[in-house]
Ligand code: PLP
């Protein structure tokens, strides 16, 4: 039976991408060698890396604007400390909107003073704080565009006079933004791009080289830029599949085309959460709701077994909420079709009718 994969990550990828990836693992470019057997220095893989880097910049509208794209390893979690290692001389400003921002703050504190400009921690991160000041004398301002665990998303980014750094792990390539507002964007691949194992980092080059500390080569963005993202052996499979997904997105019409579908999916599900008396959304302010991860509860515990049974019968996978929020979380990344959200809504209505 067809599965409807609502998993928060690693998560759904387009079927055509998985098909091409499987073929490349068996025989890449008719070389009679697997993609994961060939040298990363061969012209075949160098082309993959270059194409993936260019596609990332093209989708974000950042070509020829002084930005470089890198595919690094260590996950978004390594970026929590690389950002601070490379940019934090004295002081950095952070907006704390969830577990991942919290972790980024913890790492940054190892390198200098951290000002938390605002937080929703005391309300279990169920809203996005809005009225805050970004100190002009900080080296950079860091925020998390989409809070995967809590289901909140920044829909209006602040104006920042200092470089703005953003963790876009769970909503990159899902909506159109003026990406040139950001000086550094990072995102683990395993939501909207590819398999875990690589992290996209997009950096405006002129923000680098301003800290006085020595930076180990592997953690130094300048080294990775100079080496065209090939300082050491890259995660070839993850980069290749990310390239395929970025090509898939381009064929669909790019970010603006997928954004329309993402809006339809989010509207369909949130309308049902608000209409159906059995369910309630977790996020306090509707305007802060995430279009990627919708968090909600079933109000009546006695109906849980019925709901779970119906989900299973419908082939719905990965709907459990994160342990710090409980309830349910429907992750609706780019590759999830509208039809899957309709199946979930149908299940919610079946439970309402007393199945
Ligand atoms: N940032 C966000 C917003 C995330 O959703 C995640 C993981 O889900 C991370 C960071 C951590 O990513 P990684 O596991 O690649 O280190």
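Every read-out reported here was derived from the displayed coordinates using simple, explicitly stated rules and does not represent laboratory data. All values derive from a computational prediction rather than experimental measurement. Cβ sites come from the backbone with ideal geometry, for glycine too, and all protein chains shown count toward neighbours.
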inquiry  = Given points 7 Å out from each Cα along the Cα-Cβ axis, report the residue 268 to residue 232 separation in nanometres with one decimal.
reply    = 4.3
query = Once a ≥ b ≥ c are taken as the square roots of the eigenvalues of the Cα gyration tensor of segment 315-355, is the result rounded (a/c under 1.5), prolate (a/b larger than b/c) or oblate (a/b not larger than b/c)?
reply = oblate
key: Helix-derived mean residue ellipticity, 222 nm - over the chain, DSSP H n ≥ 4, -39500 (n - 2.57), to 500   = -11000 deg cm²/dmol
query = What percent do you get for the relative contact order of segment 154-298 when only Cα pairs under 8 Å and 6+ apart count?
reply = 21
query = So how far, in whole Å, is the C-alpha centre of segment 39-69 from the one of segment 1-23?
reply = 23
request  = Assuming R0 = 22 Å, can you tell me the calculated FRET efficiency for the pair residue 159 and residue 131, based on Cβ-Cβ distance, to the nearest 0.05?
outcome  = 0.95
request  = Enter the Cα centre distance for the pair segment 303-329 and segment 195-232, rounded to the nearest angstrom.
outcome  = 40
task = Would you look at the GNM of the chain, springs on alpha carbons closer than 10 Å, and say which of 31, 208, 200 moves the most?
result = 31
note = Relative contact order in percent for segment 1-69 (Cα pairs under 8 Å, 6+ apart) equals 13
key: Kirkwood hydrodynamic radius of the chain, from inverse mean 1/r over distinct Cα pairs, in Å   = 21.2
message = Using Cβ counts within 10 Å as a stand-in for footprinting exposure, how do 100, 248 rank, fewest first?
response = 248, 100
query = For the pair residue 338 and residue 317, how long in nm is the line joining their label points, each one 7 Å along Cα→Cβ?
reply = 2.4
request  = Could you work out the relative contact order of the chain, using alpha carbon pairs under 8 angstrom and six or more residues apart, expressed as a whole percent?
outcome  = 23
request  = Mind jotting down the distance between the C-alpha centroids of segment 258-291 and segment 135-158, whole Å?
outcome  = 21
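Using 0.36 nm times the number of residues separating residue 181 and residue 309, minus their current alpha carbon distance, what extension gain do you get?
The span from residue 181 to residue 309 would gain 41.5 nm if fully extended.
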key: Förster radius 51 Å - calculated FRET efficiency between residue 349 and residue 30, Cβ distance, rounded to 0.05   = 0.55
ask   = Measuring from label point to label point, each 7 Å out along Cα→Cβ, what is the residue 287 to residue 63 span in nm?
value = 3.7
task = Report the dimensions of segment 218-355 along its three principal axes from the alpha-carbon atoms, largest first, rounded to Å.
result = 61, 33, 32
inquiry  = What does the C-alpha gyration tensor say about the overall shape of segment 274-334? Classify as rounded when a/c is under 1.5, otherwise prolate if a/b is larger than b/c, or oblate.
reply    = oblate
query = Anyone know which of 278, 33, 246 comes out most mobile in the 10 Å Cα GNM of the chain?
reply = 33
task = Rank the residues 68, 265 as a footprinting-exposure proxy: fewest other Cβ atoms within 10 Å of their Cβ go first.
result = 68, 265
query = Listing 202, 239, 343 from the residue with the fewest other Cβ atoms within 10 Å to the one with the most, what is the order?
reply = 343, 202, 239
request  = First check a/c for segment 4-63, with a ≥ b ≥ c the square roots of the eigenvalues of its C-alpha gyration tensor; if it is under 1.5, answer rounded, and if not, answer prolate when a/b is larger than b/c or oblate otherwise.
outcome  = oblate
